[in-house]
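One structure below.
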Amino acid sequence: MVCTGNICRSPMAEVVLRERLGESGLAERVEVASAGTSNEEEGNPIDRRARAVLAENGYPVPPHRAHQVAPGELARYDLALAMTEQHARALRRRAELDGSASSAEIRLWREFDPTAADATDLDVPDPWWGGIEDFHDTLAVVESGADGVVTYLREALARV
C-alpha cells in the first residue's frame, strides 16, 4: 500500500488488509507492507488520529515507521496498491527508473472497491488536513476495498 507520507492512508490499509487476510486464511501466504512516495515523514509513526480510529474500530495497531519507496523495492512485491492516481504515477516512474522487468503490478486500491464501480475519481481521500471524522471516512473507504483486494489475491494465488 502506498500513499504520500506513509503515516495515514497506506498504514491504515496495511492494518485492515492484514486483518482481512487473517480472517480469510491467507495471512501466511501474503506479505503486506506500506510505504510513501515522499520522504517527508521518514521514520515517523502512524498519525495519532489514524491510530485512534483504527483502535476504536477494533484493529490492532502495530509499531510503524514511515519510509519512502526505495529504489528496487517494487521488484520485491507482486502488487503495489496506490491510494491515488498521483501515487500510481509516482510508482510507475519509480519502476521505470529501477528498470526491473519484475516490478510489482501497480493498481489503485479503490479499483477493488465495489462501491466505487461507477466512480470517476478512485482516489482514497487524504484525511491528514482534516479532523478525526476525516480519518473515520478514510477508514470506511479503505474497508470498502479490502474484501475486493483479498478476493483478487486469493484468485492470484490459485493461479500459482
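The values are calculated or read from the model by the stated rules, or taken from the named source; none is laboratory data. Just so it is clear, the model here is predicted, and its values are computed rather than measured. Here the Cβ is made from the backbone with ideal geometry for all residues, glycine too, and neighbour counts use every protein chain on show. Side chains included, ligands, DNA and RNA excluded: accessible areas come from the protein's heavy atoms. Shrake-Rupley method; radii C 1.70, N 1.55, O 1.52, S 1.80 Å.
A compact table of results
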{"read-out": "Residue within the range 125-147 that is among the polar types (S, T, N, Q), outside any loop (DSSP other than H, G, I, E, B) and farther than 14 Å from residue 50 by Cα present", "value": "yes"}
{"read-out": "Hits in the range 74-99 (condition: open to solvent by less than 40 Å² (accessible area, probe 1.4 Å) and either among the polar types (S, T, N, Q) or assigned to a loop (DSSP other than H, G, I, E, B) (or both))", "value": "83, 84"}
{"read-out": "Every pair of residues 6+ apart whose Cβ atoms lie under 7 Å, when the first sits in the range 12-28 and is under 15 Å from residue 124 (Cα atoms) and modelled with pLDDT of 95 or more while the second is open to solvent by 20 Å² or more (accessible area, probe 1.4 Å) and in a helix (DSSP H, G or I)", "value": "16/143"}
{"read-out": "Where a residue in the range 44-71 is open to solvent by less than 40 Å² (accessible area, probe 1.4 Å) and its partner, wherever it lies, is small (Gly, Ala, Ser) and in a loop (DSSP other than H, G, I, E, B), with Cβ under 7 Å and at least six apart", "value": "66/5; 66/43"}
{"read-out": "Residue tally, condition part of a loop (DSSP other than H, G, I, E, B) and closer than 19 Å to residue 17 by Cα, over the range 28-68", "value": "19"}
{"read-out": "The range 123-160: number of residues that are closer than 26 Å to residue 23 by Cα, of a type in the set (A, V, I, L, M, F, W, C) and touching a residue at least 12 places away in the same chain (Cβ under 8 Å)", "value": "11"}
{"read-out": "Selection from the range 101-122 of residues that are exposed (fewer than 12 other Cβ atoms within 10 Å of the Cβ) and not acidic (Asp, Glu)", "value": "101, 102, 114, 117, 119, 120"}
{"read-out": "Counted residues, the range 76-107 - those being over 15 Å from the mean Cα position of the chain (by Cα) and either among the aromatic types (Phe, Trp, Tyr) or within 17 Å of residue 32 (Cβ to Cβ) (or both)", "value": "1"}
{"read-out": "Checking residue 118 against (1) assigned to a loop (DSSP other than H, G, I, E, B); (2) farther than 25 Å from residue 55 by Cα; (3) touching a Lys or Arg at 6+ places or on another chain (Cβ under 9 Å), the condition it does not meet", "value": "(3)"}
